[in-house]
Amino acid sequence: TPQQFLEISGALVNLIASLLILALCGGLGYKIARFSGSHPLTAFSVQAALGAGAFSLVWLALGLAGLYRWWVALALLLAGLIYLRDEILAWFRQLGGILPIWQDSGTLGHIFLLTSLLLALNQAWIALAPPVKYDALTYHLALPAAYAAQGRLAFFPANPYWGHPQLAEMLFTWIATLGGQPSGGAIFNWWCGLAMLAGVAGFTYEHFPGSPATPRSQARAAAAAVFFVLAGATARWMLGWAYTDLISA
């Protein structure tokens, strides 16, 4: 039906727009700090966080100026992608840091990594579906939708959660202003969760299991760390929800 087509196309808009916004954040983070002495996956994750914080402040300023308009959201996205294109490509190339982990982790490590990928992909369907979680419907997605409808940052005294820190919600508002479905924040959180897991792998590879570590033991530890995080229900489920905990992590 036409309604089903709109739902599916809106989900695709969310999927693509949220990835582009995260890529833009990563490119800006790469421009801010290279972290040349760190594992590439660690740098990949922290650079995404730095860029997300910076663009959240930009989007906050646009909201205070009453510029939550689809054309402003699109212009900012396109201008950023053009200006930071080299940094974005360099940021993405750091994902090559997963290859040594895959090659050295052995059979058990391969099982851990492939299972982790399946667990993460399974949550993508939940993230693309209409949101149902309490916090998302109460403020994580409700406030960005209200801001986008108002065209500016506004105070809603009836919502007791309005005063919570809203760094992630500013980016949710960016996606909402671009015209996707309400689940845009959820799939953006899913992408950010993958970036966080990349950071877990890189950081573990660098620092565990300690001084007698070999590349093989480091790779196995990194693969196990990602799997153990996703084996816990909380982090795995939150990949599919429009919450902000994984973005904070």
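If I ask for residues that are hydrophobic (A, V, I, L, M, F, W, C) and within 16 Å of Arg85 (Cα to Cα), which ones from segment 34-54 would you list?
Phe44, Ala48
The rows are residues; the columns are (1) open to solvent by less than 10 Å² (accessible area, probe 1.4 Å); (2) at pLDDT 90 or above; (3) over 11 Å from the mean Cα position of the chain (by Cα).
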site	(1), (2), (3)
Pro182	no, no, yes
Phe188	yes, yes, no
Leu194	no, yes, no
Gly202	yes, yes, yes
Ala221	no, yes, yes
Phe227	no, yes, yes
Arg236	no, yes, yes
Ile247	no, yes, no
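Can you tell me how many residues in segment 66-98 are farther than 20 Å from Gln47 by Cβ and among the aliphatic types (A, V, I, L, M)?
6
Hey, can you tell me all the residues within segment 95-151 that are hydroxyl-bearing (Ser, Thr, Tyr) and under 23 Å from Ala73 (Cα atoms)?
Tyr139, Tyr147
Do any residues in segment 206-221 that are closer than 19 Å to Ala43 by Cβ and free of Cβ contacts under 8 Å to residues at least 24 places away in the same chain have Cβ atoms under 9 Å from those of residues that are aromatic (Phe, Trp, Tyr) and in a loop (DSSP other than H, G, I, E, B), where the two are at least six apart or on different chains, and which pairs are they?
That search, which allows pairs on different chains as well, returns Ala221/Phe208.
Only one of these is more than 30 Å from Glu206 (Cβ to Cβ) and not aromatic (Phe, Trp, Tyr): Ala48, Ala54, Ala65. Name it.
Result of the check over Ala48, Ala54, Ala65: Ala65.
Can you report the number of residues in segment 163-213 which are closer than 21 Å to Leu118 by Cα and touching a His at 6+ places or on another chain (Cβ under 7 Å)?
1
Among Ser45, Ser36, which is the only one that is more than 16 Å from the chain's Cα centre (by Cα) and of a type in the set (S, T, N, Q)?
On the way: Ser45 fails: more than 16 Å from the chain's Cα centre (by Cα).
Exactly one of Ser45, Ser36 is more than 16 Å from the chain's Cα centre (by Cα) and of a type in the set (S, T, N, Q), namely Ser36.
Only one of these conditions is not met by Ser38: (1) of a type outside the set (Val, Ile, Thr); (2) surrounded by fewer than 23 Cβ atoms within 10 Å (Cβ to Cβ); (3) over 30 Å from Ala154 (Cβ atoms); (4) modelled with pLDDT of 95 or more. Which number is it?
Ser38 satisfies all of (1) of a type outside the set (Val, Ile, Thr); (2) surrounded by fewer than 23 Cβ atoms within 10 Å (Cβ to Cβ); (3) over 30 Å from Ala154 (Cβ atoms); (4) modelled with pLDDT of 95 or more except (4).
Please find, among Ala17, Ala11, the residue that is more than 12 Å from the chain's Cα centre (by Cα), assigned to a helix (DSSP H, G or I) and modelled with pLDDT under 95.
Unique residue meeting the criteria: Ala11.
The values are calculated or read from the model by the stated rules, or taken from the named source; none is laboratory data. Quantities reported herein were computed from a predicted structural model and do not represent experimental measurements. Using ideal geometry, Cβ is built from the backbone for each residue, glycine included, and neighbour counts are taken over all protein chains shown. Protein only, heavy atoms only, side chains kept; ligands, DNA and RNA dropped before computing areas. Shrake-Rupley method; radii C 1.70, N 1.55, O 1.52, S 1.80 Å.
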